[in-house]
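Laboratory data are not the source of any read-out in this text; all were calculated from the coordinates shown. Note that the structure is predicted; figures quoted are calculated from it, not measured. Cβ coordinates were reconstructed from backbone atoms using ideal geometry, including for glycine residues, and neighbour counts include every protein chain displayed.
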Amino acid sequence: MSESLLNVSNISISFTQYVQGLNQRNLKVISDLSIDISKGEIVAVLGSSGSGKSLLAHGVLGILPRNANLEGKMKYKGKILNKELKEKLRGDEITLIPQSVNFLDPLMKVADQSIGQYKDNEDKKIKKQKQRKVFEKYGLGEEVDNMYPFQLSGGMARRVLVSTALLSNPELVIADEPTPGLDEKAVQETLDYLKEMADDGVGILLITHDISAALKIADKIAVFYAGYVIEIANVSDFTGRGEKLNHPYTRALYRALPENEFKLTEGHQPLQGDEIECCPYVKRCEYSIEKCHKSIPELKDFNDRKVRCFKCEELDGD
Ligand SMILES: Nc1ncnc2c1ncn2[C@@H]1O[C@H](COP(=O)(O)OP(=O)(O)OP(=O)(O)O)[C@@H](O)[C@H]1O
Ligand code: SF4
Ligand SMILES: [Mg+2]
């Protein structure tokens, strides 16, 4: 078994909000989330917009907004990933390929921002050489070094972000929606870069709402629904009519792909702020049983996968 890098156990992220004067309320965005990533493994987190994917990334990196509350446990290489360790590893062993190219400083030349801080001239020289080598690898010629972000095409900006993440020799890369806005060729290119990194032993957390992109390179897919991980499936399970997928929502997502049945499920996810006291999928589920309406299922092992569903628990007991 390959070496474990990141273990996230039962984390929840909520926001304290002020409503009507000094009254506070707690808005839960992520509930009871558990996920593991090993060396060389690509785990995709798949969820719709606003489902808390970036918050998960920011929680691992320790860059959540000040009004966010994070509960639960995270470990990195077996050590508790606390605030101090997050600060130490961030931008070094653990790097982020951010969701938006707006993370690039518009007023700074791209090579300078990729290199970042240096101790002295010697350190600067070494980092500059490394930056050039990595840029070259990603098809960014010397002329790019002195460009400002507004002079880059979308694909070039994306490659600058990937290169910047790689410059620190990361062991874990969190790629937050690395493909939107790119043409088909640039999407494939970006996915290939991530795959290459994983082949070199880097663990990748790929955050996306694009199931097709996730299926192209991931080993495992964790599906988010209403702030819960409802299934962690192997990529090889996404085949045929989805018979190997266990949760009804994962199957519905897969069948909704244009290359499959293009069949959309009626209804919508619970809204943020809705109190969830039963299975979050119950209103859309054709298999619901009595207890689905009474409590929230846990994420449990089933058929060597993980799934949050009472029906699967029953089948497991048969
Ligand atoms: N500072 C904040 N205060 C209150 N709520 C917040 C704050 N930041 C984020 N949220 C809430 O958390 C939710 C999840 O945000 P997040 O950015 O993680 O979603 P996402 O899954 O990354 O969406 P997308 O696919 O659009 O990037 C948002 O819908 C928002 O309501
Ligand atoms: S727990 Fe019940 S309602 Fe929820 S997905 Fe499973 S069968 Fe459907
Ligand atoms: Mg996001």
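Brief remarks follow.
- In this simple spin-label approximation, residue 129 and residue 10 carry label points 7 Å from Cα along the Cα→Cβ vector, and these lie 5.1 nm apart.
- As a calculated quantity, the FRET efficiency between residue 151 and residue 257 at R0 = 35 Å, using C-beta atoms, amounts to about 0.40.
- Among 73, 119, 306, the residue with the largest mean-square fluctuation in a Gaussian network model of the chain, with springs joining Cα atoms closer than 10 Å, is 119.
- Counting DSSP beta bridges with both ends in the chain, the antiparallel % (nearest 5): 65 percent
- Placing +1 on the Cβ of every Lys and Arg and -1 on the Cβ of every Asp and Glu, with no other charges, gives the chain a dipole of roughly 660 debye about its Cα centre.
- Efficiency of FRET from Cβ geometry, residue 66 and residue 192, R₀ 51 Å, rounded to 0.05: 0.85
- Per-residue 3J(HN,Hα) values for segment 47-56, derived from phi via the Karplus relation 6.51 cos²θ - 1.76 cosθ + 1.60 with θ = phi - 60°, read x, 6, 4, x, 7, x, 5, 5, 5, 4 Hz in sequence order (x marks Gly and Pro).
- Cross-link partners of residue 109 among lysines (Cα-Cα below 27 Å; sequence separation of 8 or more within a chain): 88, 119, 124, 125, 127, 128, 130, 133, 137, 185
- Cross-link partners for residue 294 among the aspartates and glutamates, with Cα-Cα distance under 14 Å and sequence neighbours closer than 8 places in the same chain left out: 275, 277.
- Point-to-point label distance, residue 185-residue 142, nm (Cα→Cβ direction, 7 Å offset): 2.5 nm
- Rounded tilt (10° steps) of 121-137 against the dominant C-alpha axis of the chain: 60 degrees
- Among 133, 294, 77, residue whose mean-square fluctuation peaks in a GNM of the chain (springs only between Cα atoms under 10 Å): 294
- Global form of segment 125-207, assessed from the alpha-carbon gyration tensor, a/c cut-off 1.5: oblate
- Highest-fluctuation residue, 184, 87, 143 considered, GNM on the chain with Cα pairs under 10 Å: 143
- Label point at residue 268 placed 7 Å out along Cα→Cβ; residues across segment 43-63 whose backbone nitrogen lies under 15 Å: 48-51
- Over the chain: Kirkwood hydrodynamic radius from C-alpha pairwise inverse distances, Å: 21.0 Å
- Put a dot 7 Å past the Cα of residue 27, heading toward its Cβ, do the same for residue 39, and the two dots end up 4.2 nm apart.
- Here the gap between residue 108 and residue 234, fully extended at 0.36 nm per residue and compared with their Cα-Cα distance, gives a gain of 41.2 nm.
- Look at the alpha carbon pairs under 8 Å that are at least 6 residues apart: their mean separation over the length of segment 4-218 gives a relative contact order of 28 percent.
- Pairs exceeding 24 Å between alpha-carbon atoms, taken from 83/216; 77/216; 220/244; 216/311: 83/216; 77/216; 216/311.
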